[in-house]
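These notes concern the structure reproduced below.
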């Protein structure tokens, strides 16, 4: 066997070993979701069993689970949409009409993201209490918009910058007003980037586990908080919890796969390309 | 022609055709509010004796701080925070580099394997915590317990005996994939011709790693360290779901301490002081991170 | 009518002055090429005419109307960008019809105009393709087509051939020349390649660091450069320059001492030349000959045989290396010592400030 192929096989072994070890907990939970409760907590733990979809059915029939999932969806989607709408004009201005202050502005925006949530937990809690925003989706949406705006603006800005300026100049020579340049040229060309930004924002909102736990109780509780409430489950419904968890993480993990590359840009604030 | 590029924008620099202020305002104004107002309120509260259970609220200056700085709970929390951050960082960098180099190699099914090794980062922290706590680390039903029992090694009560470490394992499990993803992306931007030149010069894999790959990764590693630090300082959900900071204060970090003080003990004044300490800590890291980001913005 | 006039146009970026007072007149249907080294400001100048850069001072007039404050699409111009700047997500037909669409031209009329322009450029089979599916040369033609469709008064070209490989460049030069005849339009063309300038222009504007060095027909610039910069920029291979000293001045011209000691009288108007002046002698490779009686001697360093011609690099003195053009079958080898002759009437003399000293007997007639 040629040395190159031998090496490839060795790498295959190593690579897959690492991947399986790291992903094992997810895999194990996925298995549990398809087990009956008894099988799920049996010792020795079973690798082979006859799978059942019962857990999923039960989870979906639980009215409150659907509410929590609905909350997560509404909060993530709304916060993302509004953040993008607020960021688009700012990103356009910074990308195509930069001034000497533009870079400082971007850095300042990013710095707001670095403030620890715990430093403002109390005022936010008390303000929300006074405004009756506790345990409402609006309360969380507002915070998530503010938390993600820097990253969203930054990512859209960087994608706008990748559209060659000359294309917009050619459009200008062809008679396009600034708004037409944006709608007919800029947005279609930057759309893949904007889509990744949206996915990243959704991921960040969905997985956020500080504000969502502390600012909600029953009405606006999203999936993160719901699952947190099961920190000491009785063994008897671990399978159902696994099913619920699987449903909760699956879409986000898939989104993550789809936007891996662009994610790097957003998560490192552009310091790694 | 740098100057041409800078000023060759669509409108004149005096913004004759497009005014930029109203475009930027919708994004910037809320952020200004968000950045300053709550923080100032926290600062103010930290100077008060303010407890939701106590009808009397009065100004006490720096009393909260002096109490805090002599409170063993704070020192424990700071120490735990540091240990957690450093531990997870070390694991992230070491394993992140290894995995990044590994996944840079060509092998069968690499793209699928890559998805698997990155997946944990996208799992909700509460779910991660529960998976580890109940499925794996549980002394009775957990898989690890089963394995160690079969090997006659006894059973470890992870969260009882090694609470901070256990939390660290969970957090590391989530952040190693992050480091892997970032470093893998960085490795793939390594100029292939440089690698080939090194090979012609006779570099073996190990020297290749130390002399070519690692220097190239120096900057991304720094970025990973700084970004992870910012996020690791605020680890919360994993602690809440597994140990609630216990036993005692063994797995309480600064974030959890503030949470406990403010929302469980209702001590607004003390909690605010703790919050300010957290902010100062984060700011120190933020300054370095912003400088690095600033350089890459040029 | 499409007449463009620039009067004392200046452009500054902050404190840095890029264009330092340019006067230029482009007559109707003229093909004017603005040429100069990188960074001389030629693209900036073109963009000011187009309206993509603000004019710091001076006036730009199109057909007598001052257009400084007129938006780019209202100036009656069309521009072909260096990188073509095609809209990647639109088909060729949509790219070419975009301006008409923005102007509200109905679809039928738009289609007809696009088709007409496409036919001129042989793009009609490609109308439904996207730019990503086209070759470099095809994309360039689409960029030109986009400009043609607008029926502009003036075409602006910003280094359109620099992204093409050498063979394609030659081909496109010929096509552009043909196109220009068909379109009967005024063209302002910017390039750094003096071969393009020489072969395509009616008149050439040589720009250097934001200033116009000389304006004239290609042959004028070739034969009568007004200064050392233009002499060295135009013509390939570059003109040879050697330092000489004036030894005598008379009605016949200036006698200068050549490297190696020989003295030659160059027929120039020597009114402002004094004995002892340090001057520069310029001679093109084709005016230097290998001849046993020549006043210059040197060792051959490099022989470049191109087949029809040979270029010899002759080291006259440690400081003076000249290129001599010779027949293709010349049997000279490296390290041979040769004598080089020069016809005085073909030589150029430049003062120490770079200005050319005019030749006696007026200018040779331009062809």
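List of remarks:
- Note on segment C:15-129: Rg/Rh from C-alpha atoms, Kirkwood Rh, equals 1.02.
- Of interest is the spacing of the C-alpha centroids, which for segment C:1-53 and segment A:166-227 amounts to 42 Å.
- Considering only B:227, B:276, B:212, the mean-square fluctuation computed in a Gaussian network model of chain B, springs between alpha carbons under 10 angstrom, is largest for B:212.
- Which of B:44, A:16 has the fewest Cβ neighbours within 10 Å, and the rest in rising order: B:44, A:16
- P(r) of chain A over all Cα-Cα pairs, binned every 10 Å from zero, in whole percent: 6, 22, 25, 22, 16, 7, 2, 0
- Cα gyration tensor shape for the protein assembly as shown, rounded if a/c is under 1.5, else prolate or oblate: prolate
- One Cα centroid belongs to segment C:255-322, the other to segment A:1-25; the line between them spans 71 Å.
- For B:159, C:157, B:266, B:231, the sequence from fewest to most other C-beta atoms within 10 Å is B:266, B:231, B:159, C:157.
- Solution diffusion estimate, µm²/s, Stokes-Einstein, segment C:4-232, Kirkwood Rh from C-alpha pairs, 10 °C, viscosity 1.306 mPa s: 87
- Rounded to the nearest 500, the helix-only mean residue ellipticity at 222 nm of chain A stands at -23000 deg cm²/dmol, with each DSSP H run of n ≥ 4 adding -39,500 (n - 2.57).
- For chain C, the mean residue ellipticity at 222 nm estimated from helices alone is -7000 deg cm²/dmol, where every DSSP H run of n ≥ 4 contributes -39500 (n - 2.57) and the total is divided by all residues, rounded to the nearest 500.
- Length-normalised contact order for chain C - Cα pairs under 8 Å, 6+ apart - percent: 15
- FRET E, pair residue C:174, residue A:162, Förster distance 35 Å, beta-carbon r, rounded to 0.05: 0.50
- Those residues of segment C:62-88 whose amide nitrogen sits under 18 Å from the label point placed on residue C:25, 7 Å along Cα→Cβ: C:62-67
- Computed [θ] at 222 nm, helices only, for chain B once each DSSP H run of length n ≥ 4 contributes -39500 (n - 2.57): -21000 deg cm²/dmol
- Counting neighbouring beta carbons within 10 Å and listing from fewest to most, the residues A:252, A:122 come out as A:252, A:122.
- GNM top mover of B:72, B:38, B:163 - chain B, alpha-carbon springs below 10 Å: B:38
- Taking a ≥ b ≥ c as the square roots of the Cα gyration tensor eigenvalues, chain B comes out oblate, since a/c reaches at least 1.5 and a/b does not exceed b/c.
- Centre separation in Å (Cα based) which lies between segment B:113-143 and segment B:166-243: 21
- Taking chain A as a Gaussian network of alpha-carbon nodes connected by springs under 10 Å, the highest mean-square fluctuation of the residues A:163, A:187, A:120 belongs to A:120.
FYI, it's all coordinate maths here, none of it is from the lab. This one's a predicted model, so the numbers in the text were calculated from it and none came from an experiment. FYI the Cβ positions are ideal-geometry reconstructions off the backbone, even for glycines, and counts take in every protein chain you see.
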